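Below: the structure, in structure tokens.
The values are calculated or read from the model by the stated rules, or taken from the named source; none is laboratory data. Since the model is a prediction, treat every value here as computed from it, not as a measurement. Cβ atoms come from the backbone with ideal geometry, glycine included; neighbour counts cover every protein chain shown. To get the accessible areas, we keep the full protein, side chains included, count just its heavy atoms, and leave off ligands, DNA and RNA. Shrake-Rupley method; radii C 1.70, N 1.55, O 1.52, S 1.80 Å.
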Amino acid sequence: MEFSIKSGSPEKQRSACIVIGVFEPRKLTAPGELVDQASKGYLSDIIRRGDMEGKAGRTLLLHNVPGLLGDRVLLVGLGREKDFREREYRESIRAAVTTLNETGAFDGAVYLTEVPVKKRDAGWRVRQAALVAQDAVYRYDQTKSKKDEVRRPLRKLTLTVERRNELHLAERAAAEGQAIAHGMALAKDLGNLPGNICTPTYLAERAVAMCKEYGLECKVLDRKDCEELKMGSFLSVAAGSRQPPKFIIMEHKGGKPEDKPIVLVGKGITFDTGGISIKGGEGMDEMKFDMCGGASVIATMQVAADLKLPLNIVGLVPATENMPDGMATKPGDIVTSMSGQTIEVLNTDAEGRLILCDALTYAERYEPACVVDVATLTGACVIALGHVAAGLYSNNDTLAKELFHAGEDAYDRAWHMPLWDEYQEQLKSNFADMANIGGRPAGSVTAACFLSRYARKYDWAHLDIAGVAWKSGAAKGSTGRPVPLLTQFLLGRVN
Ligand code: BES
Ligand code: MN
Ligand code: ZN
């Protein structure tokens, strides 16, 4: 879907459909008033008769509205004006785009982007509109024999701003929204692919292809390379799999050569059976999503290149399956990480931290400005924060605040969690430098504590995205989160 930005009266739009918001109860938004005047009270008549009261999510498509250059008007309910915030704004865009797409409209002019949202400017509204619109029309069909047939998919959306002096800002915002949405679509596609297709080798191939297309440098380390680097912890997870592990390295060099890079690290477990500490059968298929952190890093590298961000950014994705096998790591086995620290693997299902710790050590060679890792790390994080916010941990409060605000801005939220020393005690081992699990209490915190021991040489943050990376149930599928948060964070680091 393409976006164009315009300012000007709705009645003079040549679009196939003009989208107008209605507040509850029965109050037209400002562009709606203009359409109403041009149509000699047609809209207010419909509203007075009770056909559109303005309830959130309700839509009403009108044909042959008099006095307009366009063919149709789509009314979208916005709910009560005093309750209209970010969430309601996004839902109104989603409802509009879904309806336009279903009705087979080829293009539309959306005036919802002119409706004020508290504390947000036109740039925010346009960026979010582009992102939500693209997200609403996303379809996964790579492994379906019949591709989802949408009769006449929406190809062009005009997003409007009230004032001409907002045009420039809005155009940049639409480009950002578009780039983020394309990144999210890539992350979703990779996440949704099954484990038998999206293997470590496949993930690496897709990363290589993306880097080639967008002009990034890419290198893939294989098992032998990782052995030479002494990544004993990463390799201990790969030991039970027939699929060879891959360590993916992507580099975006948009900054000055002397600028320290931001390093993003993503967990790339292409399927997590639990290993010898095998998981129960129910819902295990969802462990194909255990590479969503890695996918979001690959996708964010694409967005950075797409937007030509003037930053140096490195993306690292350790990728492997976690399988039970005769060669697999067993509970009680002790492995030596690349850092030299030894780990007693008390539970082979706590494998994410075992692959991330070596990636965090690898990151030291870049003398990074900061390192942010992203991982579907713990079920405990889902218990703590549900499916709304990612868990956010950091050894630097300023970095934590930066990521928190990026999440708020992008409406892809994370909540700051503690990393206090008291929790570190739960990782004590009688036989190695540390255990890989800390017991049931505060499971997401102790997982982060484990990682913190490999991130002592730089500013570091960790996002536990176990609750937000995918949806279960009827709408099962990858969400593309936290690509918006990560991109917003990078945008905030520009200049
Ligand atoms: N990939 C899982 C975490 C997970 C589980 C995410 C369920 C989303 C839903 C991770 O590798 C894992 O298995 N973690 C264990 C850790 C435990 C053994 C300390 C968990 O959360 O149960
Ligand atoms: Mn696991
Ligand atoms: Zn896992």
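Using a 10 Å cut-off on Cβ atoms, rank the peptides 88-99, 467-478 from the highest mean neighbour count down.
Working: 88-99: 21.5, 467-478: 16.8.
Packing proxy ranking, top to bottom: 88-99, 467-478.
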Exercise for the section: Keeping the other protein chains in place, figure out the carbon and sulfur percent of the accessible area of the chain, with a 1.4 Å probe. Expected result: 50
Completion exercise
Non-local residues with an amide H under 5 Å from the amide H of residue 396, with H modelled 1.01 Å from N and Pro and chain starts lacking one, are 460
Completion exercise
Simple spin-label estimate for residue 285/residue 388, 7 Å along Cα→Cβ, in nm, reads 3.0
Handout entry: Furthest towards positive pole of dipole, 398, 316, 304, structure part segment 271-424, Cβ charges
Key = 304
Exercise for the section: Place a label point 7 angstrom from the Cα of residue 144 along the Cα-to-Cβ direction, then list the residues of segment 168-186 whose backbone nitrogen is under 19 Å away. Expected result: 185-186
Practice task
About the Cα centre of segment 2-161, how large is the charge dipole given +1 on each Lys and Arg Cβ and -1 on each Asp and Glu Cβ? Please answer in debye to the nearest 20.
Solution key: 260
Practice task
For segment 225-335, give the share of DSSP beta bridges that are antiparallel, in percent and rounded to the nearest 5; count only bridges with both residues there.
Solution key: 50
Problem - Taking the convex hull of Cα positions in the chain, its mean projected area over all directions (nm²) - result: 23.7
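Near residue 471, within a Cβ-to-Cβ distance under 13 Å, what is the net charge of the other residues, with Lys and Arg +1 and Asp and Glu -1?
+1
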Fill in the blank from the handout: Placing +1 on each Lys and Arg Cβ and -1 on each Asp and Glu Cβ in segment 117-175, then taking the dipole about the Cα centre, the residue among 174, 153, 132 whose Cα reaches farthest towards the positive end is 153
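To the nearest 20 debye, what is the magnitude of the charge dipole of segment 181-494 about its Cα centre, counting +1 on the Cβ of each Lys and Arg and -1 on the Cβ of each Asp and Glu? Walk me through the numbers on the way to the answer.
Details: 30 positive and 38 negative charges, 70 e Å.
Rounded to the nearest 20 debye, it is 340 debye.
Go ahead and estimate [θ] at 222 nm for the chain from helices alone: -39,500 (n - 2.57) per DSSP H run with n ≥ 4, summed, over the residue count, rounded to 500. Before the final figure, lay out the partial values.
Details: 15 runs with 175 residues, N = 495.
Here the helix-only value at 222 nm equals -11000 deg cm²/dmol.
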Fill in the blank from the handout: Along the dipole axis of segment 15-170 (charges at Cβ: +1 for Lys and Arg, -1 for Asp and Glu; origin at the Cα centre), the most positive-end residue among 100, 115, 143 is 143
Handout entry: Accessible area (Å², per residue) of the chain, counting only protein heavy atoms and a probe of 1.4 Å
Key = 42
Exercise for the section: Mind checking which aspartates and glutamates have their Cα closer than 20 Å to the Cα of residue 279? Skip sequence neighbours fewer than 8 apart in that chain. Expected result: 290, 321, 325, 333, 344, 349, 351, 464
Completion exercise
Using the Cα gyration tensor of segment 66-129, the equivalent ellipsoid's semi-axes, largest first and to the nearest Å, work out to 22, 12, 12
Completion exercise
Taking every DSSP bridge whose two residues both lie in the chain, the antiparallel percent to the nearest 5 is 45
Problem - Projected-area mean, segment 1-117, by convex hull of Cα positions, square nanometres - result: 6.5
Handout entry: Per-residue ³J(HN,Hα) for segment 470-480, Karplus 6.51 cos²θ - 1.76 cosθ + 1.60, θ = phi - 60°, Hz, x for Gly and Pro
Key = 8, 10, 9, x, 4, 9, 3, x, 5, 9, x
Practice task
Considering the convex hull of the alpha carbon atoms of segment 150-235, report its projected area averaged over all viewing directions, in nm², one decimal.
Solution key: 9.9
Exercise for the section: Output the peptides 450-457, 435-442 sorted from most to least packed, where packing is the average of other Cβ atoms within 10 Å over each peptide's residues. Expected result: 450-457, 435-442
Handout entry: Ranked by how many other beta carbons lie within 10 Å on average, peptides 33-39, 184-190, 137-143, 207-213 from highest
Key = 184-190, 33-39, 207-213, 137-143
